[in-house]
1. Quick one: would you say LEU27 is out of contact with any Cys (no Cβ under 9 Å at 6 or more places or on another chain), part of a helix (DSSP H, G or I) and at pLDDT 90 or above?
2. Quick test for you: out of VAL275, VAL284, VAL317, pick the one residue that is part of a helix (DSSP H, G or I), in contact with a His (Cβ under 9 Å, 6 or more places away or on another chain) and of a type in the set (A, V, I, L, M, F, W, C).
3. Can you pull out the residues in segment 171-183 that are of a type outside the set (Phe, Trp, Tyr) and under 21 Å from ALA47 (Cβ atoms)?
4. Criterion first (of a type in the set (A, V, I, L, M), buried (at least 22 other Cβ atoms within 10 Å of the Cβ) and in contact with a helix residue (DSSP H, G or I) (Cβ under 8 Å, 6 or more places away or on another chain)) does LEU388 satisfy it?
5. Here are the criteria: (1) closer than 30 Å to SER92 by Cβ; (2) free of Cβ contacts under 8 Å to residues at least 40 places away in the same chain. Tell me which single one PRO219 does not satisfy.
6. Would you call TRP110 out of contact with any Gly (no Cβ under 6 Å at 6 or more places or on another chain) and either at pLDDT 80 or above or not assigned by TED's automatic domain parsing to the domain that holds ALA261 (or both)?
7. Check VAL218 against each of (1) hydrophobic (A, V, I, L, M, F, W, C); (2) assigned to a helix (DSSP H, G or I); (3) over 20 Å from ILE175 (Cβ atoms) and name the one condition it does not meet.
Amino acid sequence: MHEMSSADESFLPPRRNWVSFWSLLVLQTQNAFNDKAAQFILIPMGAWLFKERIPIAGLESMKYIEYILAIVIVSPFILFSPIAGWLSDRFSKTNVIRGASILQLVVLVWITVSIYHQQVWLAIAGFFMLSVQSVLLSPGKRGIVKELIGHERLGFASGMMEITVVLAICAGQIITGFWYTGRLNQGLDGWDAAMFPLMVFTVASVAALVVSFVIQRVPVQGHRKFHAAILVEHFGQLGELLKHRGLKLSAAGAAFFWGYAGYLNLAAINIAKQVTSGGNEFAVESALLMLAASLGIFAGGAIASILCRKHIELGLVPLGGFVMVAGTLALAFTPMDSHWLKAWFVIAGAGGALLLVPLNANLQDLCPPNKRGKILAGLNLLDCMAGLFAALIQLGLVALDVDFKWQFIGLAVCCIWVTNYAARLLPQHFIRLMCLSLFRMFYRVRSINHINIPKQGGVLLTPNHATYIDAFILSCACPRPIRFLMFSGYFKHPLVGRFVRLFNTVPI
């Protein structure tokens with residue numbers, strides 16, 4: 001097995017590392033699929049129990065089943081993020097991933113048996129444990145990526161990780177929604193409609209367990225022993241995350257995305273419930289709306305992954321924010337029963353992915369190797385606090401009967417504020433992305449021997465010909481941002497001076 005130091009920026013992953021990485025993608029895809037499939041079994045089942053007035057304990061709570069499950073999803077991240085981070089630092093991340101795969105199989109058996117005995121609250125408790133399993137898996141699967149494939153391909157790998165999760169979520173929603181609805185339409189009751197799909201998902205989880213043993217074992221990064229204080233290290237982990245300005249800002253942007261995505265998902269479920277009056281087609285309609293958002297995230301993630309294949313492109317962050325604003329405002333002014341609603345969910349999701357992918361890649365790149373598990377666990381905590389906050393806000397607005405038009409307008413205002421902040425914080429990255437993208441539409445630049453440029457430290461480029469266009473050509477060809485020299489007289493021009501100072505140009 002090839003071991004690497006994450007500080008080795010010139011690391012070129014061998015074939016065995018790529019096999020492990022693709023195996024990790026398969027495993028996390030199956031894990032995300034099962035999480036979403038279980039959720040989309042329980043949500044329409046809760047709606048069916050409430051509509052049919054099935055005599056169970058806490059029947060009235062089934063009216064808000066989607067919010068119950070949303071809280072169940074995020075609570076384990078808030079409660080168990082510290083122990084998850086410690087596990088990923090103290091033990092090989094490969095072993096953590098394998099242990100989580102075993103736990104997933106056990107919990108899916110639990111949920112299936114609960115539904116067989118018509119115990120919905122016991123099944124919800126099993127869903128809580130499925131969320132605990134995701135908590136334990138998350139720092140391990142995120143942290144192992146850089147150890148497997150290195151720095152240069154981290155942007156691409158991060159994009160692929162996001163894309164496969166979205167594809168799995170998308171598949172889990174649509175397959176389960178249609179499957180459950182189809183079995184209800186065949187005359188089965190809600191319990192029997194859920195039983196066979198759950199059995200299939202449980203058997204399929206065995207594949208993830210097998211794949212986990214294909215992933216090569218990576219070395220342990222930390223050696224801290226367990227103590228009780230680890231269980232309440234939430235603020236310490238957040239503090240570790242917030243010490244570094246780059247980590248702090250990237251984490252805040254990623255948390256905003258997850259709050260935004262959680263709000264959209266709950267809005268989609270409630271819109272479907274209103275359009276179908278909670279009938280048999282509710283599962284399909286909600287799955288289609290969430291599918292639209294997921295497809296948008298997939299498309300945006302694919303574009304961001306391609307643009308980040310050689311380096312992390314932070315200019316995508318404000319661009320993604322602009323797209324989120326446009327999609328959310330379009331949602332606000334579209335009737336709930338219009339087919340255009342799905343198109344705007346696609347746009348909103350795509351904008352979110354454009355924002356998220358470079359931020360996640362930047363977070364993984366900036367994490368110190370011996371603290372990566374702790375920092376990523378702190379990130380999980382922040383993401384889930386944002387998701388919990390979004391769920392509570394939406395629950396309150398729905399309880400107050402606030403129209404979705406005004407809900408989306410409020411969400412768009414939040415997106416405008418975040419986008420404005422990102423644009424002011426990363427103006428040079430955004431302008432460079434826009435200008436170089438336009439430049440590449442007219443010129444094809446081929447870079448020769450760019451691997452000779454060191455990854456870190458000072459480098460002096462001395463071209464034998466200098467024109468205005470050379471700055472664009474060199475910026476396209478060089479993998480690192482360039483600080484150019486310029487005659488100081490140009491700095492006196494109001495527009496030119498402001499522009500070149502933005503890129504730290506050196507006057508001479």
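The values are calculated or read from the model by the stated rules, or taken from the named source; none is laboratory data. As the structure is a prediction and not an experimental result, all values here were calculated from the model. Please note: Cβ atoms are built from the backbone with ideal geometry, for glycine as well, and neighbour counts cover all protein chains shown.
1. yes
2. On inspection, the qualifying residue turns out to be VAL317.
3. GLY172, GLN173, ILE174, ILE175, THR176, GLY177, THR181, GLY182, ARG183
4. Criteria not met by LEU388.
5. (2) is the only condition that PRO219 fails.
6. So TRP110 fails the test.
7. In the conditions (1) hydrophobic (A, V, I, L, M, F, W, C); (2) assigned to a helix (DSSP H, G or I); (3) over 20 Å from ILE175 (Cβ atoms), VAL218 misses (2) alone.
Okay, residues lined up against (1) more than 26 Å from ASN380 (Cα to Cα); (2) in contact with a helix residue (DSSP H, G or I) (Cβ under 7 Å, 6 or more places away or on another chain):
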{"position": "ALA194", "(1), (2)": "yes, yes"}
{"position": "SER205", "(1), (2)": "no, yes"}
{"position": "ALA228", "(1), (2)": "no, no"}
{"position": "GLU233", "(1), (2)": "no, yes"}
{"position": "LEU242", "(1), (2)": "no, yes"}
{"position": "ARG245", "(1), (2)": "no, no"}
